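Here the structure comes first, spelled out in structure tokens, and everything after it is commentary.
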Amino acid sequence: MNNSHLLVTLSRTIVLPGLSRRTGEPCRVVSTRQLVLACNHAEDIHLVGCLDPRGEVYRVAVRDIIAVQQRLIVHAEELPADGRVVQTLGSLAPASFSYKADGTPYTFCSLDTQNSVELIGAWPSRDEGITAQMIPVCGLLIPAADPLIPPFRQVGHLWPNGDFARPSGAEIISFMRSPGVMFAARYPQELAERVIIRNSLVWGEAWVPGDISEEAIRHAADIHRQCKPRKHAALTHDLLARALERPPVEDLGDLRHDYAPTSRTARMIWHDGYTRSGVCISPDDTASHLFVTAFESSGGKAPGRRKLCGKGIAASTR
């Protein structure tokens, strides 16, 4: 495995933030069961790309893998240097950012696509508005100090644009009987700083999650006694060596997926606090705080922003 590329097959489909083939910027969500790893004679194992269900090759925004859920990796094979996958990776634009993740504040986590969670997140648009929507979420950004088994705090939801929206909620207490986090990697520090700067400019310090509550810890402990969480393992050369000895997976499943992160139809969507039909979100709604910006909360009125004006009242003007 010296200075080689490996194609690793997973037992479940996960999601990764994919990069533009032309600019190297994060721009998409890639569903994958096949990871491309670069290994050398030292202890370095890096994620350099993945294949989507149709076999298209993509670079991804994370490189340093922290852990994978046990039994996630079912097969591995060495890739020839002159083969399609390695050659395609070499032809793609390199990442436009540094992958350096020493001291990064965030960890990227992926659930499997069959167990996505419908969550509400918000994104500041270029016209100084805020769009919030509820969509199935598989990719999460969490503090690096938090465990991979809940309870942990939410920092971002991976959206179809390959970046992370501000979550409506603060904590995830448990995934109950679902498998939970399948894959975790360090989120590059440069990209983490972009998230911090973007959110701070819009929401000030209000977007930063506080400490995990004692109540959440108690609830999680109660659930874990009934639903034993699945364990994680570090991605090591020994683990990959065992995967190389296993037979290939004959059928990777149907190309159609039950998780559609690029769907334009969200379960719920608001722009500047209003639904598409012009109904204002209630101030009592759990997502209403997403539309209160740092400027507004200090008493000002920012252009393009609008304070919430009632409980489900249709707005006469926009």
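Brief remarks on what is shown
- Some residue of the stretch 77-85 being over 28 Å from L141 (Cβ atoms), open to solvent by 50 Å² or more (accessible area, probe 1.4 Å), among the aliphatic types (A, V, I, L, M) and touching a residue at least 24 places away in the same chain (Cβ under 8 Å): yes
- Residue in the stretch 169-176 that is open to solvent by less than 10 Å² (accessible area, probe 1.4 Å), within 23 Å of I281 (Cβ to Cβ) and over 13 Å from the mean Cα position of the chain (by Cα) present: no
- Residue in the stretch 41-51 that is surrounded by fewer than 16 Cβ atoms within 10 Å (Cβ to Cβ) and farther than 14 Å from L235 by Cβ present: yes
- Of all residues in the stretch 177-192 being touching a strand residue (DSSP E or B) at 6+ places or on another chain (Cβ under 7 Å) and open to solvent by 10 Å² or more (accessible area, probe 1.4 Å), the one that is modelled with the highest pLDDT: R186
- Matching residues in the stretch 102-117 - criterion: being in a loop (DSSP other than H, G, I, E, B) and under 16 Å from L19 (Cβ atoms): none
- Pair list, Cβ under 9 Å, 6 or more apart: the stretch 160-181 residue more than 24 Å from S288 (Cα to Cα), other residue open to solvent by less than 40 Å² (accessible area, probe 1.4 Å) and among the aromatic types (F, W, Y): V181/F152; V181/F175
Every residue, every condition in (1) modelled with pLDDT under 95; (2) of a type outside the set (V, I, T), yes or no:
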site: E78; (1), (2): no, yes
site: C109; (1), (2): no, yes
site: I120; (1), (2): yes, no
site: V155; (1), (2): no, no
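- Among residues of the stretch 273-288 that are at pLDDT 80 or above, those with a beta-carbon under 9 Å from a residue that is assigned to a loop (DSSP other than H, G, I, E, B) and of a type in the set (S, T, N, Q) at least six positions away or on a different chain give the pairs G278/S316; I281/T275; S288/S282.
- One residue from V36, V62, V29, V117 being in contact with a strand residue (DSSP E or B) (Cβ under 6 Å, 6 or more places away or on another chain), closer than 22 Å to V155 by Cβ, of a type outside the set (D, E, K, R) and open to solvent by less than 10 Å² (accessible area, probe 1.4 Å): V62
The values are calculated or read from the model by the stated rules, or taken from the named source; none is laboratory data. Values in this document were obtained by computation on a predicted structure and should not be read as measured data. Here Cβ is always computed from backbone atoms with ideal geometry, including for glycine, and neighbour counts include all displayed protein chains. For the accessible areas, the whole protein counts, side chains as well, though only heavy atoms, and no ligand, DNA or RNA atoms are used. Shrake-Rupley method; radii C 1.70, N 1.55, O 1.52, S 1.80 Å.
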